[in-house]
Amino acid sequence: MQPPAEHVHWLFATGFLFIGLCLLAETIVGPEVWRRQAWRTYLWPGLAFVGGLFMWPVMVFYTNSTIHMIAHSSWAQVMMLAGAAELGLARGKLKSPYWALTVALAFAVSGAAMLVHEQQPWLFSRSAFLHHLSGWTLVGASLFPLGRTFRPSSTLLRAGFALSFVALAVILFADRDVAEIFGHLSPLAGTPRR
Amino acid sequence: MDIQHVTRLARRHHSVRARAVLALGPLSVLGGLLWAVLQPYRVTVLDPEGQGFWWLFVEPPLLVILVGVLFAWLVAPGLIRDLEEQER
């Protein structure tokens, strides 16, 4: 009954795409309009927190190796931390704007964990390629939430932040457990699927 | 919020920002449809025989379409209303 890893990636991609669209909409209309409805204010932080909760079963059930468990649990923790901090900021319980740095931390830690737990080279398989790509995308994209903390009104940083989620969704949707990448597939990877 | 209301919103004259927000959902739906046409084997429900639960429950092009529909249905209409109130 346990879904294949690629299905888990696709489910997370669905969530990230929805978050990306919401953040893009917030960028377009501006935070003032977006926050006119309380539920919209809590939407992205709430989804980040729930995403972190869903990472725990991933950590428990996908125990390919110790490094996988450590990577998945570190994602779970930083996603929940970032979601909780953003919820605290949105509610006004947290006063310091520097709590928003937890989102940059979540991106950087998630990217590093993605890179560390993929032990195959880039062209080993599509999955390996996309793990490297998403890892570096997350590490690079951590500059957007980092900059957003210090320049919260910057449309460019907000758009970059939103598009990071869309890019991550595209990468995760493209993932397959065993498939070619640019015509390359290691014979050690297994039988490919389309 | 029903489909007729969403359609009425789409037909009314909107600012550039409102039209950009209204376009996000349909663009996502269009992306999912194009993907389904280009890679029909990713839509396992088209050939369900022998497929397990997860292969029928999680179909990426349909999920992209679902995200677009949910955004256009649940998020965009209220956001456009608030945007237009602010612009007035």
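Inspection of the range A:113-136 finds no residue satisfying the criterion of being over 29 Å from A:L188 (Cβ atoms), over 12 Å from the mean Cα position of the chain (by Cα) and in contact (Cβ under 8 Å) with a residue 40 or more places away in the chain. Scanning the range B:37-85 for residues that are over 30 Å from B:R19 (Cα atoms), within 10 Å of chain A (Cβ to nearest Cβ), assigned to a helix (DSSP H, G or I) and not charged (D, E, K, R) turns up B:Y41, B:F53, B:W54, B:W55, B:F57.
Residues checked against (1) closer than 17 Å to A:V103 by Cα; (2) at pLDDT below 95; (3) surrounded by fewer than 22 Cβ atoms within 10 Å (Cβ to Cβ):
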| residue | (1), (2), (3) |
| --- | --- |
| A:F12 | no, no, yes |
| A:I28 | no, no, no |
| A:V50 | yes, no, yes |
| A:F54 | no, no, yes |
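All of A:T27, A:T66, A:T14 fail the test of being closer than 25 Å to B:P26 by Cα, over 18 Å from the mean Cα position of the chain (by Cα) and hydroxyl-bearing (S, T, Y), apart from A:T27. When you look at B:R88, is it at the interface with chain A (Cβ under 10 Å from one of its Cβ atoms), within 19 Å of A:Q37 (Cβ to Cβ) and of a type outside the set (F, W, Y), yes or no? The answer is no for B:R88.
Residues considered: A:A38, A:A106. Of these, the only one that is aliphatic (A, V, I, L, M), in contact with a Phe, Trp or Tyr (Cβ under 9 Å, 6 or more places away or on another chain) and free of Cβ contacts under 8 Å to residues at least 60 places away in the same chain is A:A106.
The values are calculated or read from the model by the stated rules, or taken from the named source; none is laboratory data. What you see is a predicted model; the values in this text were computed from it and never measured. A quick note on method: Cβ atoms are made from the backbone with ideal geometry, for glycine too, and the neighbour counts reach across all protein chains shown.
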